[in-house]
1. Lysine pairs, Cα distance under 25 Å, 8 or more residues apart or cross-chain: how many in the stretch 6-81?
2. As I understand it, the dipole of the chain uses +1 on the Cβ of Lys and Arg and -1 on the Cβ of Asp and Glu, about the Cα centre. Which of Leu13, Leu57, Ile36 lies farthest toward its positive end?
3. What does the C-alpha gyration tensor say about the overall shape of the chain? Classify as rounded when a/c is under 1.5, otherwise prolate if a/b is larger than b/c, or oblate.
4. What residue among Thr48, Pro26, Val66 has its Cα farthest toward the positive end of the dipole of the chain, where the charges are +1 on Lys, Arg and -1 on Asp, Glu, each on the Cβ?
5. Can you tell me the length gained on complete extension of the stretch Lys41 to Val17, counting 0.36 nm per residue apart and subtracting the Cα distance?
6. With only Lys, Arg, Asp and Glu charged, each at its Cβ (+1 for the first two, -1 for the last two), find how big the charge dipole of the chain is about the Cα centre; round to the nearest 20 debye.
Amino acid sequence: MFGLGAPELIVILAIAVLIFGGKKLPELGSSLGKAITSFKKNVGDTETSTKNLIDDLPGVKEIEAVKDQVDKVKDFGRLFKK
C-alpha cells in the first residue's frame, strides 16, 4: 500500500492518536468515509448526466446508426478477404 509497511502505519496511527485523541478518531474516520462515498456518488451522477446530455444532442443517434452500418460492412468485407 504505497510502499508503507507495518512500522510506518503504526507510527502514523500513533501520531494521529496524539493529535486528535482516541475519542475523535472514529468520528474522523466516519466523516472521511461519508465524504468519499458522497464524492463517488457525485462523480457517477456527473458521468450519467453527461452521457444523457450527449445522447440528447441532435444527430448523435444518426451517427451511431451509420457507425453500426459501417461496422457491418467491414465485417462482411472480411469474409471475402479469406
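1. 12
2. Going by the charge dipole, the pick is Leu13.
3. The shape class here is oblate.
4. Val66
5. So the extension gain works out to 5.6 nm.
6. 280 debye
Bear in mind that the values in this text are calculations on the coordinates, not laboratory data. Owing to the predicted nature of the structure, the values given are computational and were not obtained by experimental measurement. Glycine also receives a Cβ, built like all others from the backbone with ideal geometry; neighbour counts cover every protein chain displayed.
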